[in-house]
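Right, one structure below, let's go through it.
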């Protein structure tokens, strides 16, 4: 991100540097004397939460705008699913390693097309962590393209996986803003087996589409047997809490090739050129 060279006023970075070299005095050393935008204690006050929310929305937005990223393909999935051939803590997780391979393959195929646009269209975006997220960023790297990682600060110190494009690796404090960035440019949403976080991301996406708060895009659930066991969709229809038509908001797929066929056959109802106003 670069500063705007078009205005004649002194650059804020210059004042940050200059303020570090003021005379040593009680006044200059006072917290009150710090520049407001360079004072972490001030920015972290409860009263500044609206400003922090705005900054967390703006930073990735501006970075992606400057790189010309117009659309993304979102990849959700469990952090505990490991690469095939590596030890897993349970037999069930070992079996689900096939989804790591499928996510990697899917991301590679999508990114091969993205590279043809200069990595501006259909850029893979994941949560930036391990497991299925790592597989997504890794597949993009396999294709020689870029990918986005939207990491978040967690108590167990989640760190970004090594396959995220460094300039597109973002860190978040607010889950809500992070989830907004997942969907702002989404052309398709691929959801692999996972836990609470994956379910949260899936249901938020479906809710936004169901209620008309988001354009309908392909929502691809990898592994029909897993999803039917985890969510009794027919029971929701039977209870009347969703309509039978709501089952058409997503598609079950098993392979990367099947997922691409759904995406290729999709007719988009809206334009993606109006992202800034979303």
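What follows is calculated from the coordinates using simple rules that are stated; it is not laboratory data. Note that this is a predicted model, so its numbers are computed, not measured. Every residue, glycine as well, gets a Cβ built from its backbone with ideal geometry; the counts of neighbours run over all protein chains shown.
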Can you give me the P(r) profile for the stretch 1-142? Cα pairs, bins 5 angstrom wide beginning at 0, each as a whole percent.
2, 9, 12, 12, 12, 10, 10, 10, 9, 6, 5, 3, 1
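When the gyration tensor of the stretch 85-146 is built from Cα positions, what are the square roots of 5 times its three eigenvalues, in whole Å, from largest to smallest?
Values: eigenvalues 130, 19, 12 Å².
Over the Cα atoms of the stretch 85-146, the semi-axes work out to 26, 10, 8 Å.
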By how many nm would the segment from residue 173 to residue 229 lengthen if fully extended, with 0.36 nm per residue of separation less the alpha-carbon distance?
16.9 nm
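Would you mind calculating the relative contact order of the chain from Cα pairs under 8 angstrom and at least 6 residues apart, reporting the percent as a whole number? Don't skip to the answer; put the middle values down first.
Working: 431 pairs, mean separation 47.1, N = 278.
Rounded, it is 17 percent for the chain.
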If contacts are Cα pairs under 8 angstrom and at least 6 residues apart, what is the relative contact order of the stretch 98-167 in percent?
33
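Could you work out the Rg to Rh ratio of the stretch 168-278, with Rh taken as the Kirkwood radius (inverse of the mean 1/r over all Cα pairs)?
0.96
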For a label point 7 Å along the Cα-to-beta-carbon line of residue 112, residues of the stretch 170-188 with backbone N under 17 Å
none
Can you compute the radius of gyration and Dmax for the stretch 185-242, using only the Cα atoms, both in Å?
11.9, 34
Can you give the Rg/Rh ratio of the stretch 49-208, where Rg is from the C-alpha atoms and Rh is the Kirkwood radius?
0.96
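Taking Rh as the Kirkwood radius, which is the inverse of the mean 1/r over Cα pairs, what is the Rg/Rh value for the chain? Numbers along the way, then the final one.
Numbers: Rg = 21.6 Å, Rh = 20.7 Å.
Across the chain, the Cα-based Rg/Rh ratio is 1.04.
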Rounded to 0.05, the calculated FRET efficiency for the beta carbons of residue 31 and residue 65 at R₀ = 30 Å is 0.30
Using a Gaussian network model of the chain with C-alpha springs under 10 Å, which one of 230, 115, 164 is most mobile by mean-square fluctuation?
230
Taking R0 as 35 Å, what's the FRET efficiency between residue 16 and residue 204 from their Cβ-Cβ distance, rounded to 0.05?
0.40
